[in-house]
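Shown next, in structure tokens, is the structure this report addresses.
The values are calculated or read from the model by the stated rules, or taken from the named source; none is laboratory data. As the structure is a prediction and not an experimental result, all values here were calculated from the model. No Cβ is skipped: glycine too gets one built from the backbone with ideal geometry, and neighbour counts run over all protein chains shown. Quick note on the areas: whole protein, heavy atoms, side chains included, nothing else; ligands and nucleic acids left out. Shrake-Rupley method; radii C 1.70, N 1.55, O 1.52, S 1.80 Å.
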Amino acid sequence: MSDASDETPAPMIEARGIQKYFSGVHILRGIDISVASGEVAALMGRSGSGKSTFLRCLNRIEEPTYGDVLIDGTIITDLRTDVNRIRADIGMVFQDYNLFPHMTALENVALGLIHVRKLPRSEAQDAAAAALERVDLADHLAKYPQQLSGGQQQRVAIARSLAMRPKAILFDEPTSALDPEMVHEVLDVIRTLAAEGMTMVVISHEIGFLRKVADQLIMFDAGLVVERGPTARVLDEPEHERTRAFMKVLR
Amino acid sequence: MMRVLIKAGPIPLVLIFFASLGYLLAAPATIGVAFDIAATGAVFAIFLFLFIPLQMDKGAPLWMKTISALALLVLVAAAFFRWADADWGRIGYLFFNVEVMSRPGAMVRMLSGLWIAVQVFLFSLVLATLLGMFMAIVRSILNDALLNFFIDTYVDVFRAVPPIVMLLVTYSALPYSGIVLSPFATGVVVLTLIEGAYLTEVFRAGIEAIHRNQVISARSIGLTAWQAMRLVVLPQSVRIVLPDYSNRLIGLMKRTAETSVIAIAEILKVAQDLQSQYVNATPLIVGALLYMVVLFPMTRIVSRLEKKRPRT
């Protein structure tokens, strides 16, 4: 990578002209985004607008049909890049937590450290315990997912990503499956991460949370970005009629 | 009426049992065949009238159920004796002949048959497990259309041919290809291929029962497809697969008997050889008992496992 322009560093996450076909259906129709290091980008849009598929293209859990994704200046959509190496550097948190039910919270978090980062077991467990402490779960290390509440499970999932010391974390509707009283404990954790300078792409419809945390807001509709800009501006003065209609539904 | 009888406990049942037994064994058949048929039918009708509610009554003690079941067997035997003119002495001599089995070498040969059956079982079990596991994992990880076609064809073909046919065909045809295998090796290879086909399906079902999101989640951490399989999917599949797997395992032990047709000296082959040598069927009875010795503990363990089946 050339370092010709030091004053404008390469964005942490960049997507160029991402397109995706699912058995003939054009799900993503050319999407560009750019997320600087330490920035939080929020994706919004009605279900089926392609935002979730797009998020999964960013770590190649879905392969984009056309287009490139660059992480920290490296083109990861190049077939020669080691996709597992890339995924280890990008955390991902899912709507349904997707913890491994046969492992304790600690084992869930330590798994990647042992088998991807190749840390010695004891070191991995220490790092996993530290990550769980960061999400306020120090008392639940030995519990299995089914013994934890939804909010706690989602925080384990965040710790699982954090422990890998990722360059960025992708959140796919992290609070949509939670009971209302558990939403804030997960959002608090994400807010803390934002304050610590973690680069994040978040699919969320929690307006109040996004207003505080997200630097830019990107509106998806039918596989295209219809509007983007600073969060407060897009929320308060939406320019595109689709965005306006969507905001009405949310309120 | 029925309630009263059940409350009265086993005493009426015992009385009816002895009355019936007495009739079946001692009453002369001089009154006429029609009467005899009617009387025998009545004996069973009355007995079953008490026997069935007793068996269905959840409160009745187990020993009472067991004894009444044995009593029913005795009545059936008595009817058999009365109607078929069974010759108990002859039956005892042909099927339960201790003298025949105590001839030099008889029991030793039976036990060596057991050992060979167990060997066939263990070899084919281990190989078939590896084969089935390999096929199921390849199918899940590579998921390549051509490979899937070959695997599915293998599974379909080997599940569609009776083991005994496959054994005979392989055993008689293989030497013409220049490959000469011992009967033992042929038996193990054929049983492995057949069992491997079934186990491929068993393992495949177990792998597919794990939600796809588990794999996505594992891959998103940076685990390879094989690591995701080994660390996340398979440990969860084991508990799902175990009951089906252990049922196949019992079936495989029984199917070792079929290798007798290609002259593997396992239990059934030895028993048949001894049967014709001694002109006596006792070795077959002993063989059946040997299978039970191995299979009874296995079935007990399996039903335990099935009770522990995880609630999903």
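Averaged over its residues, the protein assembly as shown has an accessible area of 51 Å² per residue, based on protein heavy atoms and a 1.4 Å probe. Computed from Cα positions, the angle between helix A:241-250 and the longest principal axis of chain A comes to roughly 40 degrees. Taken one residue at a time, the phi angles of the range B:100-114 give Karplus couplings (6.51, -1.76, 1.60, θ = phi - 60°) of 4, 6, 8, 5, x, x, 4, 5, 4, 5, 4, 5, 5, x, 4 Hz. Gly and Pro are set to x. Against the criterion of solvent-accessible heavy-atom surface with a 1.4 angstrom probe, B:267, B:67 sort, most first, into B:67, B:267. The value of relative contact order for chain B, using C-alpha pairs under 8 Å at least six residues apart, is 22 percent. Residue order by solvent-accessible surface for A:227, A:63 is A:63, A:227, largest first, with ligands and nucleic acids left out and a 1.4 Å probe. Residue by residue along B:209-220, Cβ atoms of other protein chains within 10 Å of the local Cβ number 5 on average. May I ask for the accessible area buried between chains A and B, both sides summed, probe 1.4 Å, to the nearest 100 Å²? Counting both chains, the buried surface is close to 1600 Å².
Note that the range B:43-57 has calculated 3J(HN,Hα) couplings of 3, 6, 4, 5, 5, 5, 4, 8, 5, 5, x, 4, 5, 7, 6 Hz, one per residue in order, obtained from phi through the Karplus relation 6.51 cos²θ - 1.76 cosθ + 1.60 (θ = phi - 60°); glycine and proline are x.
Taking 13 Å as the straight-line reach from the Cα of residue B:269, the aspartates and glutamates in range (excluding those fewer than 8 positions away in the same chain) are B:258.
The figure for residue B:63 is an accessible area of roughly 150 square angstrom, using a 1.4 Å probe on the protein chains alone. Kindly express, to the nearest 10 degrees and within the range 0 to 90, the angle between helix A:180-195's C-alpha long axis and the longest C-alpha principal axis of chain A. Between the helix axis and the principal axis of chain A, the angle is about 80 degrees.
Under 8 Å for C-alpha pairs, at least 6 residues apart: give me the relative contact order for the range B:97-213, rounded to a whole percent. For the range B:97-213, the relative contact order is 43 percent. Charging the Cβ of each Asp and Glu at -1 and of each Lys and Arg at +1, and nothing else, the dipole of the protein assembly as shown about its Cα centre rounds to 1780 debye. In chain B the longest region clear of trypsin sites (Lys or Arg not before Pro) that are loop-assigned by DSSP and have at most 10 other C-beta atoms within 10 Å covers B:59-307.
Applying the Karplus relation 6.51 cos²θ - 1.76 cosθ + 1.60 with θ = phi - 60° to the range B:167-184 yields 3J(HN,Hα) values of 4, 5, 4, 4, 5, 8, 8, 4, x, 5, 7, x, 8, 10, 10, 5, x, 4 Hz, where x marks Gly and Pro. Over the protein assembly as shown, the Kirkwood radius and the radius of gyration, each from Cα atoms, give a ratio Rg/Rh of 1.18. Restriction of the GluC sites (Glu not before Pro) in the range A:103-205 to DSSP coil positions whose beta-carbon has at most 13 other beta-carbons within 10 angstrom yields A:196. Length available on full extension from residue B:111 to residue B:295: 0.36 nm per residue minus the Cα-Cα distance, which gives 64.7 nm. Considering only alpha-carbon pairs that sit under 8 angstrom and 6 or more positions apart, the relative contact order computed for the range A:122-224 is 25 percent.
Cα-Cα pairs above 33 Å in chain A: how many percent? Of all Cα-Cα distances in chain A, 19 percent exceed 33 Å. Heavy-atom surface analysis with a 1.4 Å probe gives the protein assembly as shown a carbon and sulfur content of 63 percent of its accessible area.
Taking a ≥ b ≥ c as the square roots of the Cα gyration tensor eigenvalues, the range A:125-251 comes out prolate, since a/c reaches at least 1.5 and a/b is larger than b/c. For the range A:6-52, the share of alpha carbon pairs falling in successive 10 Å distance bins from zero is 22, 44, 25, 8, 1 percent.
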